[in-house]
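Report on the following structure.
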Amino acid sequence: MPNLVGRPRREIEALLSGSVDAPYRARQIASWILDRRATSFEEMTDLPKALRAELAGPFEIRDPAIADRTTAPDGTVKYLLALEDGATIECVAMPEGDRATLCLSSQTGCALGCAFCVTGALGAGRNLEPDEIVGQYRVMARGLPGQVQRVNLVFMGMGEPLLNTEAVEKALETLYETVSPKRITVSTAGIVPGIRWLAGLPRPPKLAVSLNAPDQPRRERIMPIARRYPLDELLDAVRTFPLDGGRRITFEYVLIRGLNDRPADAVAVSRLLRGIPSKLNVIPLNEDPGHIPGLARPADDAVEAFAEAARRHGLVVTVRRSRGQEVAAACGQLKGRTAATHA
Ligand code: SAH
Ligand code: SF4
């Protein structure tokens, strides 16, 4: 049965053309699904009752099921969602006043095997379908506090979005109908052809690149994909990414004790990024001895010293507060925990 979730309005219109008499009906239904996160036709009170009943036969409005939900004292909500085939994924909602950032997964695992990443330690998974991506948005948006007016979406959950371009493209087209491309960020480990593909979309979202090291040898050590797409090629691709309206490229940098955390490393990063309108997002490692043994988060003063050195050398730097640590809200961590429990 076709699921109406994860489809842009034009596709819903085409699917429903035999069932509804006027195009505005299909638009109403699309808006119920995306803007109001309806879970059934019955809720669509401005549709004739007979039509609601008629649509419920051949069409579904289906989201992933919530297998587990944990809320941290700071309001961060981590979801473990179960998909139709039994695979599970996680996503995280981080409300803050009248805004919220929703972190989406693009695959059920990740084949890229970065040394510091729990998703990577769990291994490869399958690509998510558009409805499974948009479904994460719908589930999390429904659970947000009432005062949230504006959401940002980041593809920073499980998996590599630029290895699932087909579903990501359709999910973006759908999500753009309710969230502006300016508020959507796709994060990549550095898939060069994927970055060029994203740059060529009619309306590209924002780009984040997981840099994580100040030079090629160290990047290769912790990110195997760096061998395939070396830093110089990666940065060349990034330089061609469209930056309309004062946008910047976000570079994520997971700070790992003794590995990439010296102030001199920050200086090297500032040299690498010279000339690229960028923002460095420093993320102190979320430790997980079970999945990423031997890797530690630097002490707070080392994190500050790194950030300060990068700032002194001209970079715009943010340090990610570890939100929702109590609920293990790092990349792949809730899933890691349940996988371990059931092992
Ligand atoms: N595959 C994409 C998007 C998902 S990973 C990518 O790599 O960009 C999203 C972010 O989580 C990346 O920046 C990654 O570096 C970061 N990350 C992975 N494991 C982490 C950990 N243990 N602690 C902190 N950040 C982590
Ligand atoms: Fe995959 Fe990103 Fe994790 Fe690397 S950091 S293993 S690319 S999800």
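The values are calculated or read from the model by the stated rules, or taken from the named source; none is laboratory data. In this text the structure is predicted, and so the values were computed from the model without any measurement. No Cβ is skipped: glycine too gets one built from the backbone with ideal geometry, and neighbour counts run over all protein chains shown. Calculation scope for accessible area: heavy atoms of the full protein, side chains included, ligands and nucleic acids excluded. Shrake-Rupley method; radii C 1.70, N 1.55, O 1.52, S 1.80 Å.
Data for the structure
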item	result
Sole residue being surrounded by fewer than 24 Cβ atoms within 10 Å (Cβ to Cβ), within 10 Å of ligand 2 (Cβ to nearest atom) and either among the aliphatic types (A, V, I, L, M) or assigned to a helix (DSSP H, G or I) (or both), chosen from Ala141, Ala121	Ala121
Every residue from the range 61-78 that is in a strand (DSSP E or B) and in contact with a Leu (Cβ under 9 Å, 6 or more places away or on another chain)	Ala65, Ile66, Ala67, Asp68, Arg69, Thr70, Val77, Lys78
Check on Thr174, closer than 23 Å to Asn152 by Cβ, part of a loop (DSSP other than H, G, I, E, B) and either touching a residue at least 60 places away in the same chain (Cβ under 8 Å) or touching a Gly at 6+ places or on another chain (Cβ under 8 Å) (or both)	no
Residue list for the range 85-103, filter: without any contact (Cβ under 8 Å) to a residue 60 or more places away in the chain and either under 24 Å from Asn152 (Cβ atoms) or within 15 Å of the chain's Cα centre (by Cα) (or both)	Ala93, Pro95, Glu96, Gly97, Asp98, Arg99, Ala100, Thr101, Leu102, Cys103
Flag if Glu90 is in contact with a Pro (Cβ under 9 Å, 6 or more places away or on another chain) and under 30 Å from Leu122 (Cβ atoms)	no
Residue in the range 32-52 that is nearest to Gly135 (Cα to Cα), counting only those that are open to solvent by 60 Å² or more (accessible area, probe 1.4 Å) and among the hydroxyl-bearing types (Ser, Thr, Tyr)	Thr39
Candidates Val151, Val179, Val192, filtered to the one that is modelled with pLDDT of 95 or more and within 16 Å of ligand 2 (Cβ to nearest atom)	Val192
Criterion: small (Gly, Ala, Ser), open to solvent by 70 Å² or more (accessible area, probe 1.4 Å) and part of a helix (DSSP H, G or I) - qualifying residue of Gly294, Gly245	Gly245
Search result, residues across the range 119-145 that are of a type outside the set (S, T, N, Q) and within 17 Å of Thr76 (Cβ to Cβ)	Tyr137, Val139, Met140, Ala141, Arg142, Gly143, Leu144, Pro145
Counted residues, the range 196-242 - those being of a type in the set (S, T, N, Q) and under 19 Å from the mean Cα position of the chain (by Cα)	2
Residues being assigned to a loop (DSSP other than H, G, I, E, B) and among the β-branched types (Val, Ile, Thr) - total across the range 93-118	1
